[in-house]
Amino acid sequence: MSTTTPPTATDTSTTELEQLQAKVQSLVAPNFCTGTLPLETSEGKLFYCKGSASDASFLSFTDSVLQDGDIQKLVEACQQATFGRGGQDVLDESYRKAWKLDTNQFAAQFDLARSGIMETVHDQLLHYEKNTLKLEPQLYKMNIYGPGSFFKPHVDTPRSEKLFASLVVVFPTTHTGGNLLLRKDRSLFNFDSSKRVFHPETKAPQIAFAAFYSDIEHEVLPVEDGYRITLTYNLHLAETDLPIPKALSSDSLTSLKTALLELISNSRILPNGGALGFGLLYQYTINPKFQDDLVKFAGALKGNDALIRTACSSIGLDVAVKVTYDLEDEGEEEGGEGRTWISDRIHPGGEVYEEPYGPEFRKEGGKPTRDPLATKTPQNTLPLLWVTPRNKMVPTDAAFVAHGNEYWVNHVYGNLVLTAQVPPAPEREELLRKVAA
């Protein structure tokens, strides 16, 4: 007679955690947005000059279909386009072949602020319900891609700690090729502006645009015929006095909230309380060396990062950005403290006279963590259940000068993460009642 061994609490917790991980990672928030809008005659002209010349020329994108000869005059006023590499502007036509005009050499009648594009970009790329941040566009360059022009795969060089995304506006010109390819997490989106800059039925000229997070790899395929003319804007985070309501994807938010509620309603998971951990899914242009207090973390969260924060907050969990460090000298044997430490502050480093480094991190408010599903339960540790794995999206390090028989400098590396504090099981009952009310 065979018997079936009932599942243990650990087995149940592991299964539900795996289900939640799959749920979170399947809820992919948009990494970009695209669209078109009519180009009115009053906004169809582009004025430009060559160098410091006082006489200006112009193109009209609405009066008639532009000929290549008209655009060639614009190209003659341009410079070869460079790109950022190692903190410098580099000219290498084997990697990027295009032309550009700086903002002091042209003026477009097209008005981004009045067009309504930024409202669309706000709704698609800023995923939080209420905040005091907005996106402020800054015109960066005009780029022209002619026959044979291209830009190989790259990620935009951050030119500001508040850079959040990029916006490309494509003017209506007849061209073939020059597709913008966006890559993220093995997904590929093909933005073919040549098929969007004229209305498919009336053939009226229109603007096509694409906005995407600054950490997304992208490329411009070779232009086969004609010219592709674009304006590029850097989208920076800026403060506003008034809260800006944002509508999250209701289906994704509801699904994630449901999965989280199912998890914390199980009293066998983190029975004495602890935290849920989420690795950041996006890169952020911050310098942790100069932003050590993560309670005041100013970077706006993107995509799933923001979705997770909102879902956790909406069910009453306290969410924060923290830093984790793996201390290689901290053993877990004999019930000792765990190797992974977590803190609200980035450790500045310093001098130590003996290892381990744990006491130094404790002075800065750090706390060792442990796997809540493990059999050992060291004292004075935070049970931390990783829902999504840690990623090296925003790394930092603390340098320690060690004194002993030998003098050396050692670096301890950490990563920023999201955590949601989970109260003990008895207290969660009240929390769950409030959510259900």
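The values are calculated or read from the model by the stated rules, or taken from the named source; none is laboratory data. Just so we're clear, the structure is a prediction, and the values are computed from it rather than from any experiment. Every residue, glycine as well, gets a Cβ built from its backbone with ideal geometry; the counts of neighbours run over all protein chains shown. Protein only, heavy atoms only, side chains kept; ligands, DNA and RNA dropped before computing areas. Shrake-Rupley method; radii C 1.70, N 1.55, O 1.52, S 1.80 Å.
What tally of residues in segment 39-69 results from selecting those that are outside any loop (DSSP other than H, G, I, E, B) and touching a residue at least 12 places away in the same chain (Cβ under 8 Å)? Break it down stepwise before answering.
Step one: list which residues in segment 39-69 are outside any loop (DSSP other than H, G, I, E, B), which gives 41-43, 45-48, 57-60, 68-69.
Then drop every residue that is not touching a residue at least 12 places away in the same chain (Cβ under 8 Å), which leaves 41-43, 45-48, 57-60, 68.
Number of matching residues: 12.
Name the residue, out of Pro137, Pro153, that is within 18 Å of Ala211 (Cβ to Cβ), part of a strand (DSSP E or B) and touching a residue at least 12 places away in the same chain (Cβ under 8 Å).
None of the other options fit; the residue is Pro137.
At least 3 residues that are more than 25 Å from Asp70 (Cα to Cα) and in contact with a helix residue (DSSP H, G or I) (Cβ under 9 Å, 6 or more places away or on another chain) in each: list the strands (runs of 3 or more DSSP E) lying fully within segment 177-241 that qualify.
Values: elements: 180-184, 187-191, 206-213, 217-220, 223-226, 228-239.
Per the criteria, 206-213.
Please go through segment 77-91 and give me each residue that is in a loop (DSSP other than H, G, I, E, B) and open to solvent by 70 Å² or more (accessible area, probe 1.4 Å), ordered by number. Step through it out loud before you land on a result.
First, pick out the residues of segment 77-91 that are in a loop (DSSP other than H, G, I, E, B): 77-78, 81-82, 86-87, 91.
The answer is Gly86, Gly87, Leu91.
Going through segment 140-193 one residue at a time, which ones are β-branched (Val, Ile, Thr), modelled with pLDDT of 90 or more and within 24 Å of Leu126 (Cβ to Cβ)?
As a first pass, look at segment 140-193 and keep what is β-branched (Val, Ile, Thr): 144, 155, 157, 168-170, 173-174, 176.
From what's left, modelled with pLDDT of 90 or more: 144, 168-170, 173-174, 176.
Of everything in segment 140-193, those that are β-branched (Val, Ile, Thr), modelled with pLDDT of 90 or more and within 24 Å of Leu126 (Cβ to Cβ) turn out to be Val168, Val169, Val170.
Quick one: Tyr140 ticks every box in (1) open to solvent by 10 Å² or more (accessible area, probe 1.4 Å); (2) within 16 Å of the chain's Cα centre (by Cα) except a single one, so which number is it?
(2)
Select, from Asp123, Asp111, the only residue that is at pLDDT 95 or above and farther than 23 Å from Gly226 by Cα.
Numbers: Asp123 fails: at pLDDT 95 or above.
After applying the criteria, what remains is Asp111.
Would you please name the residue that is modelled with the lowest pLDDT, looking only at residues in segment 395-433 that are closer than 25 Å to Val321 by Cβ and in a helix (DSSP H, G or I)? Steps first, please.
Step one: of segment 395-433, the residues closer than 25 Å to Val321 by Cβ are 395-400, 411-424, 427-428, 431.
Still in the list and also in a helix (DSSP H, G or I): 427-428, 431.
Details: Glu427: 91, Arg428: 91, Leu431: 85.
Filtering segment 395-433 for residues that are closer than 25 Å to Val321 by Cβ and in a helix (DSSP H, G or I), the one modelled with the lowest pLDDT comes out as Leu431.
Of all residues in segment 92-109, which are open to solvent by 30 Å² or more (accessible area, probe 1.4 Å), more than 20 Å from Leu180 (Cα to Cα) and over 28 Å from the mean Cα position of the chain (by Cα)?
Correct list: Asn104, Ala107, Ala108, Gln109.
Exactly one condition in (1) open to solvent by less than 20 Å² (accessible area, probe 1.4 Å); (2) of a type outside the set (Val, Ile, Thr); (3) part of a strand (DSSP E or B); (4) modelled with pLDDT of 90 or more is false for Leu74; which is it?
Answer for Leu74: the failing condition is (3).
Conditions tested, residue by residue: (1) surrounded by fewer than 19 Cβ atoms within 10 Å (Cβ to Cβ); (2) under 24 Å from Ala165 (Cα atoms); (3) at pLDDT below 90.
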site: Leu256; (1), (2), (3): no, no, yes
site: Glu262; (1), (2), (3): yes, no, yes
site: Arg268; (1), (2), (3): yes, no, yes
site: Gly299; (1), (2), (3): no, yes, yes
site: Asp305; (1), (2), (3): no, yes, yes
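Checking Thr340 against (1) modelled with pLDDT of 75 or more; (2) open to solvent by 30 Å² or more (accessible area, probe 1.4 Å); (3) under 16 Å from Ala374 (Cβ atoms), which test does it fail?
(2)
Picking from Glu119, Glu161, which residue would you name as being charged (D, E, K, R), open to solvent by 10 Å² or more (accessible area, probe 1.4 Å) and not in a loop (DSSP other than H, G, I, E, B)? Reasoning before the result, please.
Numbers: Glu161 fails: not in a loop (DSSP other than H, G, I, E, B).
Selected residue: Glu119, the only one of Glu119, Glu161 that is charged (D, E, K, R), open to solvent by 10 Å² or more (accessible area, probe 1.4 Å) and not in a loop (DSSP other than H, G, I, E, B).
Test Thr377 against the criterion of being over 13 Å from Thr419 (Cα atoms) and at pLDDT 80 or above, and give yes or no.
no
Restricting segment 184-218 to residues that are among the hydroxyl-bearing types (Ser, Thr, Tyr) and surrounded by fewer than 19 Cβ atoms within 10 Å (Cβ to Cβ), which is nearest to Ala165 (Cα to Cα)?
Narrowing segment 184-218 to residues among the hydroxyl-bearing types (Ser, Thr, Tyr): 187, 193-194, 202, 213-214.
So of that shortlist, the ones also surrounded by fewer than 19 Cβ atoms within 10 Å (Cβ to Cβ) come out as 187, 202.
Working: Ser187: 18, Thr202: 32 Å.
Of everything passing the filter in segment 184-218, Ser187 is nearest to Ala165 (Cα to Cα).
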